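Quick notes on the structure that follows.
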Amino acid sequence: MSSTTVKSSSAKPSSAKPSSAKNTLVGWLMASPLVLILGCFLLLPIIAIVAVSFWASTEYSYFPAFIFENYEFLLTSPVTLSVYIKTFMFTGITWFLCLVIGFTVAYFLAFHVRTLPMQIGLFLLCTVPFWTSNIIRMISWIPFLGRNGIANNALQDMGLIDEPLEWLLFSDFAVILAFVHLFTLFMIVPIFNSMMRLDRSLIEAAVDAGASSRQVLTNVIIPLTKPGIMIGSIFVVTLVMGDFITVRFMSGGQSASVGRVISNEIALLQYPAASASAVVLLLTVLIMIGIMLRFVDIRKEL
């Protein structure tokens, strides 16, 4: 009996090793399509951009080299600083407005609309602008905000202004307005998802304990919806930081952003300089996302 038991117990580890190796191999095979896709369409392009950022260029051509002149010019130019300050301004104001509007809309849908069909209907109503392209939605503001547009005519008819407001269009105001219009939904969706997953018994317990509506909002709802707020913030920040077409059209060429600088460099065939700008922008966005992720663990939401 004892010898049989010893033999059977000693045989278990040897049989477990092939099974573990087989499971590992199966896991790698199942993950290989995703690894190949990410490697071909994400990792390799980034490697190529980083490599080209060290190339040299002239007015007529560019060629492989290993120089730091592109980064040196980029990081020491006062134009770069002013462009990044303008981009951060667009990003900060847009993020704040999208957060306020997105949280308000999500709160109304989650806690003030009682029936599920009505919630779904109103939520789909928020997505109606996304049935068209971003450019169409953005350009639609031009006849509304123009000197002889609907907004100026309405304000003059009401007697609120004597002459058209010039700053409504082709200004920083128009750029931020277009950004908020384009990207607010990216804040509404994750916040609404977080609110719908809240345990309503926690809110009822806070009310039973004597908490006011404001205390319930600040001490229960907002802390528990932080993952959704952070996911929406990441979407908005990355989209605004990399945008160039909105700034170009809505500012009338009077404002600049990092994305527009990269676009201009590509149009001038200055690929090494554009690659260096793209690398710096990527690192900047990654640092911003890393800072935001320090405040909340979004893995709980995912």
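What the table below lists for this structure:
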{"read-out": "Kirkwood hydrodynamic radius of the chain, from inverse mean 1/r over distinct Cα pairs, in Å", "value": "23.8 Å"}
{"read-out": "Net charge dipole size for segment 157-302 [Lys, Arg +1 and Asp, Glu -1 on Cβ; Debye, nearest 20]", "value": "700 debye"}
{"read-out": "Highest-fluctuation residue, Cys40, Cys98, Cys126 considered, GNM on the chain with Cα pairs under 10 Å", "value": "Cys40"}
{"read-out": "Most to least packed among 200-208, 218-226 [average Cβ atoms within 10 Å]", "value": "218-226, 200-208"}
{"read-out": "Computed label-point distance, nm, for sites Val50 and Phe88 using a 7 Å Cα→Cβ extension", "value": "2.5 nm"}
{"read-out": "Cα principal axis extents for segment 152-240, largest first, Å", "value": "56, 33, 15"}
{"read-out": "Rounded to the nearest 20 debye, dipole of the chain from Cβ charges on Lys, Arg, Asp, Glu", "value": "1580 debye"}
{"read-out": "Simple label model, 7 Å out from Cα along Cβ direction - Gln254 to Ser212, nm", "value": "4.3 nm"}
{"read-out": "Segment 75-212: C-alpha gyration tensor shape, a/c 1.5 cut-off, then a/b vs b/c", "value": "prolate"}
{"read-out": "Between segment 193-208 and segment 28-46, the Cα center-to-center distance that results, in Å", "value": "40 Å"}
{"read-out": "Modelled FRET efficiency - R0 25 Å, Arg197 with Met292, Cβ distances, 0.05 increments", "value": "0.75"}
{"read-out": "Expected 222 nm ellipticity per residue - DSSP helices of 4 or more, -39500 (n - 2.57), all of the chain, to 500", "value": "-22000 deg cm²/dmol"}
{"read-out": "Positive dipole terminus of segment 78-300, leading residue within Phe235, Gly290, Met187 (C-beta point charges)", "value": "Gly290"}
{"read-out": "Spatial separation of Cα centroids for segment 227-300 and segment 97-122, in angstrom", "value": "28 Å"}
{"read-out": "Cβ-derived FRET efficiency at R0 22 Å, Ile245 paired with Tyr60, nearest 0.05", "value": "0.20"}
{"read-out": "Hull-based mean projected area of segment 143-194, where the convex hull spans the alpha carbons, in square nanometres", "value": "4.6 nm²"}
{"read-out": "Theoretical FRET efficiency, 1/(1+(r/R0)^6), r = Cβ-Cβ of Val128 and Phe108, R0 22 Å, to 0.05", "value": "0.85"}
{"read-out": "Contact order normalised by residue count of the chain, Cα under 8 Å, 6+ apart, percent", "value": "24 percent"}
{"read-out": "Gained length - Leu268 relative to Leu155, 0.36 nm times residue gap less alpha-carbon distance", "value": "36.4 nm"}
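Only the coordinates and a few stated rules stand behind these numbers; no lab work does. Just so it is clear, the structure is predicted and the values come from calculations on it, not from any experiment. As a convention, Cβ positions derive from the backbone with ideal geometry for all residues, glycine included, and neighbour counts pool all protein chains shown.
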